Structures are given as C-alpha cells and as structure tokens.
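Report on the structure given below.
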Amino acid sequence: MNKITFTFCLLLFTVQAYSQDVRELLYNIEILEPNHALKPKVDGFAKERIEDRLNRGVIAIEDEDNNVYVSWRLLKSDPADVAFDVYRGTSNRSVKLNRRPVTTTTDFVDRKASNKTDQYWVIPVGKKGNGTPSERASVIAKKSVEEPAYISIPLQDDVVPGRRRLGVADLNGDGKFDFVLIQPNVSKDPGSRPDSSQVTYKIEAYLNDGTFLWRNDLGDGIEPGVWYSPFIAYDFDGDGKAEIAVKTAPAGVRDADGAVYQGEEWISIWDGMTGKEIARADWPARTERLGNYNRQNRNQLGVAYLDGKTPCLIVARGTYKTMFVDAYQFADGRLTKLWSWDGDEENPIVRSQGAHIMLVNDVDEDGRDEIILGSAVLDDDGTLLWSAGLGHPDKVYVTDIDPSRPGLEIFFAVEALHDKDGLGICVRDAKTGELVWSVGESTVHIGSGMVADIDPSLPGLESFAGEDPKGHRAMRVPGNDNKYLFDAKGNLIGSGEDVPPTGDWLWWDAGKVRQYITGDREGISVMKYKQGEVQNGFQGRIMMTADLFGDWREEMVTALPGELRFYSTTIPAKDRRITLLQDNTYRQTITVRTMGYQQSPVPSFYLGE
C-alpha cells in the first residue's frame, strides 16, 4: 500500500460520519487490525481475589400495613442449599419467627411485630449445622402514613446547594457501605452556570450510621465540573477498608474564566477514614492531540481486575480525539504503574471512540478484566482488543442481551452522525466487536439508551434509545425526537410513545422485569412499563439506584437539603439470587457513578423473565 492510499484511509477513519462501505474498505486493507505489540501480562500483588467483604446486609422496614419486612443478602460463598432462620428480639430475649427454614427467598414478613424497638437478624442453616449469625438490624419506621419508610443520613451544612455525586464503599471495614460525596451541586461544564467559575469542590465522607468523618477542599486547581473532578472509592490494597482515588492539582492555577489550562495534575490516594493523602502519581498529561480545552479535560477513573485478583486503578484522559490510559496497583502505601496506553500508537489510530463512562468485563473469558472505553475495548495487558470505529457513544451497556447466542453483547447509543451506515444504535459481540444488529437507518445524535427486560412475553432484553432534539452541533445538523424500541434480536417493536424513558431503572417488585422512576423532587414514583404505578411517595433528587443492602433487588438513593435518603422495597420476593454487588460489572458501574454521565447498572449475566 503506497503512502497516498495510507494517508487517505487514515483521514477517512478520523471522520466520524463515514459509511459502512468505507469501514469495510479499512478492514480489507487491515487498517482496523489492532497492533498487538507484546506486553507482559499483569501480575499484581494479590494472592487471592480482593473484593468487598460484605455482611448479610439485613434490613428491617415497617411496610404500608405496619408489619416489619425483613430482607438480607445471599452471598456467593453460601452453599447452594443454604436456608435461613429469622429472629426478633433484644440483648436479653429472642424468638425465632419462622416455623420452617426460609429457602425460596431471602426475606420474611413479621406480621406480629408489636414492638418496633426490637431488632432482627438471621442465621444460615444447612446440613452441617448453623452458620454465623448475621448483624442485627433495628426497625426503620415510617415517618407518616403516606410516605414509605427510609434510612436517613444527615449531612453537614444544610446551606450547601446539594451534593453532586455519591460513592459507596466500606471505609472502616465493618462490612457495611459508607458514603463519599462531592459538593456543591454546581458545574462549570461548557454551557452551564457561569457563576460557578470560582466554586471549589469539596469531597466528604460519612459512615453508614451518619457519622461525619472528614471534608477535603479540592481547591482552585480542580474546576467544578463532572469531567474535571473524578473520584472513586474502593479497597485497592485489600485491607478491607476503602481508599479514595481522586484527581488533584496545586492551588493558584485557575484562570479568571474558571478554567485550568496548565500546571501539574495528579492521581492521589487518600485514606478513607481520615482523608489524608497516602500516595500520588502524575495524571496523563495535557497535549494538543487531545483537542481544545473541553476535550483535553475529559478525565475518568475506574477499577479493573487486570490479573483476575488485584483491583487495579485505571486513570484515563480523552474522549473525542486521542485517548490515554494508565493502569496502577496500590500496595504498601505506593502507587506502581503497570502499563500505559496511547491510542495514537495503535494500528489503527484510535480516535473519538471514548464514552462518558468506563465499564469493565472479562469479555474474552480469560479470567482478566477488559476495559470498555466506548467503541474501543482494551485488553487486560494494555493493548487494543478491538475497535468498532463507531465514534463516540453517549451510552454503553455490556450484558447478556440475547441469551440464545453465546457470550455477552455490548449495546451502543452513538452520538456521532451515521446518516448512511445505520449504526447509531447497535449491538456488538463483546468478545470480538462483531456487529450483531443495528438500527439500519439514518440517525443524527442518539443521546440516551437503556437495556432491560420490560416485556416478559419477549425472550431476552429489550433495547431502547432516543435521539437528542438538539441534534449534532459540531456538524450543524438539526435534531429530532425519534425514539426506538427493539427486541433482543434487533427487531423494531416500538417507537414514539411506546418507548419508555431511558433514565433511572431498578428491580423493585417481586419479578425480574425491571421498573423505571418518574417524577421530580416533589414526588417520585416507581413505574412498570405499560402496567402503571408500582409505588409512590418517594422524595428527593435521585442520586443512585443500586443493590446496596437487603436481597438482590435495588435501593433508591435520593438527596434532599442536608440529607441522604435510602429507600428499599417492602414487596415480598418470589425468588432469591446472589447479591448483584458480587457481579463485578455491576459493582464497577456503581463505583464509577461518581463521575461522567449517569446510567443504571446492569449485571454481566442475563437477568429477566
């Protein structure tokens, strides 16, 4: 291939609005073959896989009929035939509530709860005798007849205009999730509030009982925006207590317009209980290859088990042009770099493939995590596994969408203009990047998307997405309000009003069909597709939906002035399954909900009727 042909092909590849014919041409001349320069496999410090040390997560809630609904976790370490006995009492007395061990679910309704000051706990039972009793849970009582019961965590300084993002991790090693927040809820992202240019972000930590631990001011070296201030909370060194990984910078480098154009930048590790810095390393550097200020400051963090055992810290920069990724391990108080990846060194040059979220999954089934950056997937050794060449997707989900085909799939809702190839909405094989199905028609800017089982009569998960009415500003293309609903095979089964919202979803009722959340801060409802309201009366701004305690179904976390609220279902379950927290893809989607664009977590396995 001569130099003229090679240059022409590279130029075509960097344009997002290329056709399927061009893409096939690039494949045929091997431009899209990744350059797998040999890199050593990661051999981290961990001898066994480091994961959350979860307790039973017992929760006892007063339901709408004034009974006490008790729910707890099934753990992957439990024997398959484990059963549970449920107890109520105090330190001086106790009574077993079930006649026969609970085997079908991990919940129980106490209809004879006369004293709401009692505590509840469970004991696993099996052929080899009883297991270790769980922690004890006090009853969460309703505040009023109309409102569901909730856990309340009081926050410092009511005058702060809200908390922006929430991280959950065990900071003190007691097996319960604690909370790390960034505040205030303002941003200087392009086009947002100009009066936030002088705001500095603060990160603060609370124990699960509401005990305030510490607050750190990130200073004027970090701009107030979702891309400029990434942080995550996770146990990186395996001591059972989570650390905070956060982007930091020296003071005095912010310009008058509120932006930071130069100066040092670091990835710092803070002690979770004190907020004190333990270690730091350089953040991937700014460069003109990243584009303008907005593009240079697209930063993300994540966690990947690159050797299958060690939770490695992933530090990334870039979305719309080139992308850089550094991988570290944290042990003995030190950050050690494992590898670095420069997208421009790949064959092909991987540009404009980044997403607004970093996902992980062992897509090639070798026991080590791959990193899904968007339309490009990095192998565990820091080489490119595959690139779909789709351009930048706004939403990405990896799960088993179609159980009838082997392996997992990745759903893409692509922002880039696809006026000819019909790939603005598509599903690809997670291992190879091979196209499974696509929308097959022109789209402008697919700005939202979701995968969930919403129709139990159809096999597999449904995929749905919508176009952004603002269109594609960079290409000066007007938008529309088209919406699309597909079955697992990619057949279009709905459009317009038949398409549900793509925002916050959760498993709330007794089935495996997922529900969605509607409403505003004055009143939130859980809705079931085409079946109406499941429950209402919830208050606040949605911060997260996740399986944080109780059985495998999910909690709703909301923020109000000076308060976090945790709502949990009291609808009796019909089955049981291992807590979703012990699925790594689901867990790490929760981990990175502290930054980027928000999307509901999905597990790596099929979960539907």
* Asked: Out of all the residues in the range 421-443, which are out of contact with any Ser or Thr (no Cβ under 7 Å at 6 or more places or on another chain) and within 16 Å of N482 (Cα to Cα)?
  -> S438, V439, G440, E441, S442, T443
* To do: List the number of the failed condition for V499; all other conditions in (1) out of contact with any Phe, Trp or Tyr (no Cβ under 8 Å at 6 or more places or on another chain); (2) at pLDDT 95 or above; (3) not charged (D, E, K, R) hold.
  => (1)
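Yes or no: K76 over 32 Å from the mean Cα position of the chain (by Cα), of a type in the set (K, R) and either open to solvent by 40 Å² or more (accessible area, probe 1.4 Å) or at pLDDT below 90 (or both)?
Values: over 32 Å from the mean Cα position of the chain (by Cα): no; of a type in the set (K, R): yes; either open to solvent by 40 Å² or more (accessible area, probe 1.4 Å) or at pLDDT below 90 (or both): yes.
It is false that K76 is over 32 Å from the mean Cα position of the chain (by Cα), of a type in the set (K, R) and either open to solvent by 40 Å² or more (accessible area, probe 1.4 Å) or at pLDDT below 90 (or both).
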* Quick one: count up the residues across the range 397-411 that are of a type in the set (A, V, I, L, M, F, W, C), buried (at least 24 other Cβ atoms within 10 Å of the Cβ) and touching a residue at least 60 places away in the same chain (Cβ under 8 Å). => 2
* Asked: What are the residues in the range 176-185 that are open to solvent by 10 Å² or more (accessible area, probe 1.4 Å) and not polar (S, T, N, Q), if any?
  -> K176, F177, F179, P184
* Which listed residue, of D344, D381, is of a type in the set (D, E) and out of contact with any strand residue (DSSP E or B) (no Cβ under 8 Å at 6 or more places or on another chain) -> D344
* Asked: Take the residues of the range 454-467 that are touching a residue at least 24 places away in the same chain (Cβ under 8 Å) and assigned to a loop (DSSP other than H, G, I, E, B): which is most open to solvent (accessible area, probe 1.4 Å)?
  -> P459
* Asked: Considering the range 104-119 alone, what residues qualify as being more than 19 Å from K142 (Cβ to Cβ) and open to solvent by less than 80 Å² (accessible area, probe 1.4 Å)?
  -> T105, T106
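Every residue, every condition in (1) in a strand (DSSP E or B); (2) on the phi > 0 side of the Ramachandran plot; (3) basic (K, R), yes or no:
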{"residue": "G57", "(1), (2), (3)": "no, yes, no"}
{"residue": "E64", "(1), (2), (3)": "no, no, no"}
{"residue": "K76", "(1), (2), (3)": "no, no, yes"}
{"residue": "A80", "(1), (2), (3)": "no, no, no"}
{"residue": "N98", "(1), (2), (3)": "no, no, no"}
{"residue": "N115", "(1), (2), (3)": "no, no, no"}
{"residue": "I123", "(1), (2), (3)": "yes, no, no"}
{"residue": "S134", "(1), (2), (3)": "no, no, no"}
{"residue": "S138", "(1), (2), (3)": "yes, no, no"}
* To do: Might you let me know whether the range 532-547 holds any residue that is touching a residue at least 24 places away in the same chain (Cβ under 8 Å), among the charged types (D, E, K, R) and open to solvent by 30 Å² or more (accessible area, probe 1.4 Å)?
  => yes
* Asked: When you look at K489, is it within 29 Å of L408 (Cα to Cα), modelled with pLDDT of 95 or more, surrounded by fewer than 21 Cβ atoms within 10 Å (Cβ to Cβ) and more than 22 Å from the chain's Cα centre (by Cα), yes or no?
  -> yes
* Considering each residue of the range 143-175, count those that are surrounded by fewer than 19 Cβ atoms within 10 Å (Cβ to Cβ) and not β-branched (V, I, T), and give that number. => 15
* Structure fact -> Output for Cβ contacts, cut-off 6 Å, separation at least six or different chains, first residue more than 22 Å from K202 (Cβ to Cβ) and touching a residue at least 12 places away in the same chain (Cβ under 8 Å) in the range 224-243, second among the basic types (K, R) and open to solvent by 10 Å² or more (accessible area, probe 1.4 Å), reads G240/R53
* Which residues, counting only those in the range 514-531, are farther than 30 Å from P161 by Cα and crowded, with 20+ Cβ neighbours inside 10 Å? -> R514, Y529
* Structure fact -> Checked V451, V414 against criteria (within 24 Å of E346 (Cβ to Cβ), buried (at least 21 other Cβ atoms within 10 Å of the Cβ), aliphatic (A, V, I, L, M) and touching a strand residue (DSSP E or B) at 6+ places or on another chain (Cβ under 9 Å)); the one match is V414
* Is there a residue in the range 544-553 that is modelled with pLDDT under 95, in contact with a Leu (Cβ under 7 Å, 6 or more places away or on another chain) and not in a loop (DSSP other than H, G, I, E, B)? -> no
* **Filter result (open to solvent by less than 10 Å² (accessible area, probe 1.4 Å) and over 8 Å from the mean Cα position of the chain (by Cα)) within the range 586-603** => T594, M595, G596, P603
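The values are calculated or read from the model by the stated rules, or taken from the named source; none is laboratory data. Just so it is clear, the structure is predicted and the values come from calculations on it, not from any experiment. Methodologically, a virtual Cβ is constructed for each residue, glycine included, from the backbone with ideal geometry; neighbour enumeration extends over all protein chains shown. With ligands, DNA and RNA removed, areas are computed over all heavy atoms of the protein, side chains included. Shrake-Rupley method; radii C 1.70, N 1.55, O 1.52, S 1.80 Å.
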